[in-house]
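Below is one structure, written out as structure tokens; comments come after it.
The values are calculated or read from the model by the stated rules, or taken from the named source; none is laboratory data. None of the values given here were measured: they were computed from a predicted structure. Virtual Cβ from ideal backbone geometry, glycine too; neighbours counted across all protein chains shown.
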Amino acid sequence: MSELYPNYIEFRNVYKTFDRPVLVDVNFHVKAGETVAIIGRSGVGKSVSLAHIMGFLKPDSGRIIVSHVDITDAPEAELRQIRKKVTMVFQSGALFDSLTVAENILFSLELRDDYDASNREEIVNGLLHMVDLQDFHDSYPSDLSTGYKRSVAIARALAAQPKCILYDEPTTMVDPIMSDQVGQLMLRLKNQLSLTSVVVTHDLQLMRLVADRVVFLHDGKVIYFGPVHEMDQSDHPHIREFLAMDRVEI
């Protein structure tokens, strides 16, 4: 851990504008081993925040800290090293359709510096067991439901032995039972592997299950950052409306 940057991830006064302001003076941090959820309506800058953490985007101003390092002006070679520690599970799953489930996981495994071909099958099977997909070793992504594809994507991410996982809407377009299974998997990985996680989600049930703290974005601004239970007590009108809408949907 760096004395300068004690938090694993931190946004310091981050601004980003495309055709309109998307992130406006955004400040939050994620401690090592913690799960922080970023919530809010569509288009408020949630996925853009993940892209900044991965180094796919650079802020117009402000600083981005990842893995206790200021990556704001980092060259691509340094970002590649950071991405070995921080990986992302995309909403689409981003699996290779022409590869089996096992081959998708193996693809990530082979990118590791310490890759050892002699025990690759054992590692792949272990990862499939961890995400409860041991029966789908030889299946193809087209054979799987959306929820199972997300689980495979999580297993593939874990193959890289990251310190941190970013989840982009992990329960979107899955049924409630599968949504709960994905959430329980994320919680289990957090507890067993002490992973640092950032979860972008509309799913307040998932947020309550896995998050230690919450960043609530509205019009690109952080209008709440803190524990879940304190957000429930907020009298901010946009937060009250968002929570009320969720209760109506239930």
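Of the numbered criteria (1) crowded, with 19+ Cβ neighbours inside 10 Å; (2) touching an Asp or Glu at 6+ places or on another chain (Cβ under 8 Å), the one Met186 fails is (2).
Right, Val152: among the hydrophobic types (A, V, I, L, M, F, W, C), in the same structural domain as Phe56 (by TED's automatic domain parsing) and within 25 Å of Val48 (Cα to Cα) or not? Judged against the criteria, Val152 is not a match.
Matching residues to (1) closer than 18 Å to Val198 by Cα; (2) among the acidic types (Asp, Glu); (3) modelled with pLDDT of 90 or more:
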position: Leu4; (1), (2), (3): no, no, no
position: Asn7; (1), (2), (3): yes, no, yes
position: Leu50; (1), (2), (3): yes, no, yes
position: Met54; (1), (2), (3): yes, no, yes
position: Val86; (1), (2), (3): yes, no, yes
position: Val89; (1), (2), (3): yes, no, no
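Scanning region 192-224 for residues that are farther than 11 Å from Ile38 by Cβ and of a type in the set (A, V, I, L, M) yields Leu193, Leu195, Leu204, Leu206, Leu209, Val210, Ile223. Inspection of region 170-188 identifies at least one residue that is of a type outside the set (Val, Ile, Thr), assigned by TED's automatic domain parsing to the domain that holds Ala32 and touching a strand residue (DSSP E or B) at 6+ places or on another chain (Cβ under 8 Å).
Pairing residues of region 20-31 that are in the same structural domain as Gly45 (by TED's automatic domain parsing) and assigned to a strand (DSSP E or B) with residues that are loosely packed, with under 15 Cβ neighbours inside 10 Å and among the hydroxyl-bearing types (Ser, Thr, Tyr), at Cβ distances under 9 Å and at least 6 apart in sequence or on separate chains, gives Leu23/Thr17; Val24/Thr17.
A search for C-beta distances below 8 Å between a residue of region 225-238 that is under 16 Å from Ile38 (Cα atoms) and any residue that is of a type in the set (Val, Ile, Thr), counting only pairs 6+ apart in sequence or on different chains, returns Phe225/Val214; Phe225/Val215; Gly226/Val214; Pro227/Val214; Val228/Val214; Met231/Val214; Met231/Ile239; His238/Ile223.
Exactly one residue out of Val69, Val86, Val44 is over 16 Å from Ala157 (Cβ atoms) and in contact with a strand residue (DSSP E or B) (Cβ under 8 Å, 6 or more places away or on another chain), and it is Val44.
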